[in-house]
1. Would you check if K88 is without any contact (Cβ under 8 Å) to a residue 60 or more places away in the chain and farther than 30 Å from F214 by Cα?
2. Could you check segment 280-305 and list, in sequence order, the residues that are in contact with a helix residue (DSSP H, G or I) (Cβ under 7 Å, 6 or more places away or on another chain) and either outside any helix (DSSP H, G or I) or surrounded by 12 or more Cβ atoms within 10 Å (Cβ to Cβ) (or both)?
3. Would you call F64 over 16 Å from S334 (Cα atoms), surrounded by 16 or more Cβ atoms within 10 Å (Cβ to Cβ) and in contact (Cβ under 8 Å) with a residue 24 or more places away in the chain?
4. Just one of (1) among the aliphatic types (A, V, I, L, M); (2) closer than 25 Å to G245 by Cβ; (3) surrounded by 14 or more Cβ atoms within 10 Å (Cβ to Cβ) trips up A321, so point out which.
5. Of the residues that make up segment 171-179, is at least one out of contact with any Pro (no Cβ under 7 Å at 6 or more places or on another chain), at negative phi, among the small types (G, A, S) and in a helix (DSSP H, G or I)?
6. If only one of L109, L103 is touching a residue at least 40 places away in the same chain (Cβ under 8 Å), over 19 Å from the mean Cα position of the chain (by Cα) and not assigned by TED's automatic domain parsing to the domain that holds G58, which one is it?
7. From the list D172, D168, D197, which one is surrounded by fewer than 16 Cβ atoms within 10 Å (Cβ to Cβ) and among the acidic types (D, E)?
8. Is there a residue in segment 98-110 that is of a type in the set (K, R) and over 28 Å from S175 (Cβ atoms)?
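The values are calculated or read from the model by the stated rules, or taken from the named source; none is laboratory data. This structure is a prediction, so every number in the text was calculated from the model and none was measured. Glycine also receives a Cβ, built like all others from the backbone with ideal geometry; neighbour counts cover every protein chain displayed.
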Amino acid sequence: MNQFAERLKSARVMAGLSLQDLAEKLQNQVTRQALHKYEKGEFMPDSKMIGLLCDALGVRQDYFYRKNVVELGEIEFRKYTRYSAKEKNSLIEKTRDVLSRYLELEEILNIDSRFRLSFKETPIRSNEQVEDVAIKLRTDWKLGTAPIFNLIELLEDHNIKVIEVESDDGVDGLSAWANHGQVPVIVLNNNKLKSLDRKRFTALHELAHLLMNFEGLTEKQKEKYCHYFAAAMLLPRETIKKEVGESRSKLLLPELGAIKKQYGISMQAIAYRLKDLGIISEAYFKQFMFFISQSGFKIEEPYPYEGQEKSRRFHQLLFRALGEELISMSKAASLNNQKLAEFRSEHLMVA
């Protein structure tokens, strides 16, 4: 009963509903007070009411009986001040739900998914230190100085869980360590990240929050160094100097567009990178950014990046477990958060 109570509250919070909202969604077939007692573990609803709760909350019945094995540490919310408590809590519960199913699947397959780095973190106090972290990580992951293809899959291949959500709130992404610092988690809001280059940059920005020691810094300083890290990962110093030269007095949009298409980084981020590395002057950088703004390119730039930014790891593991008969089709549907008939239809499964 206590587990049901906890999971019911999680499902309600995940749906962004108050107790009164849920009662009204159930057309007042149950009162707010009765729902409160369910969540307190004082009463257990009957099977009919559980079915109604599932429909109202968009979960399967087994959701209520599955232990949530995920504990999230301190969460780094971007654009924190634009978040209401309801929005924050909803996104946290969505993250816990997806991550719980992901970790359960890895446990079924006996996969060691611990995150490891070959170098130790040091307190960050300069751009040069951030640059060094980016170089070490690229070396650790054997990336050299080449463009990164499908960054999201790369992160997942290195045991960083990337969870994509569709949310109408003001956040681009967030990051946290789960289960006592063992599992790094990045959450990306696809409703806000309309372009692939922005999605890539945000994912690396959140990675910086996870990897680097920002103790003693202000929020503004943290954000600055996270931006710097993302640009350094996408466009290494050695690479950008080879592409544009050691010093420039003028930039052309087609040139930056070509770099953007190859490396998956926005033209504005490229300009910031050139300014930070001293390739263009501060004065010219401001002039260029004014031109970008006046041209209407601040939000939607020309020369779109046309790569792939999607991880298929979870589904690959899911069908591996199904193919090895480690799970039933019903369990596979549950892990994929689908009804059995829906799962069969979507994936052309037969009994």
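1. Taking the combined requirement at face value, the residue does not satisfy it.
2. I280, F285, F288, M289, I292, K298, E301, P302, Y303, Y305
3. Values: over 16 Å from S334 (Cα atoms): no; surrounded by 16 or more Cβ atoms within 10 Å (Cβ to Cβ): yes; in contact (Cβ under 8 Å) with a residue 24 or more places away in the chain: yes.
Criteria not met by F64.
4. Unmet condition: (2).
5. Just the residues of segment 171-179 that are out of contact with any Pro (no Cβ under 7 Å at 6 or more places or on another chain), to begin with: 171-176, 178-179.
When the remaining residues are screened for being at negative phi, the result is 171-176, 178.
With among the small types (G, A, S) added as a condition, the list becomes 173, 175-176, 178.
Still in the running and in a helix (DSSP H, G or I): none.
No, segment 171-179 contains no residue that is out of contact with any Pro (no Cβ under 7 Å at 6 or more places or on another chain), at negative phi, among the small types (G, A, S) and in a helix (DSSP H, G or I).
6. L109
7. Details: D172 fails: surrounded by fewer than 16 Cβ atoms within 10 Å (Cβ to Cβ); D197 fails: surrounded by fewer than 16 Cβ atoms within 10 Å (Cβ to Cβ).
Residue meeting the stated conditions: D168.
8. The answer is no, given that none of the residues of segment 98-110 is of a type in the set (K, R) and over 28 Å from S175 (Cβ atoms).
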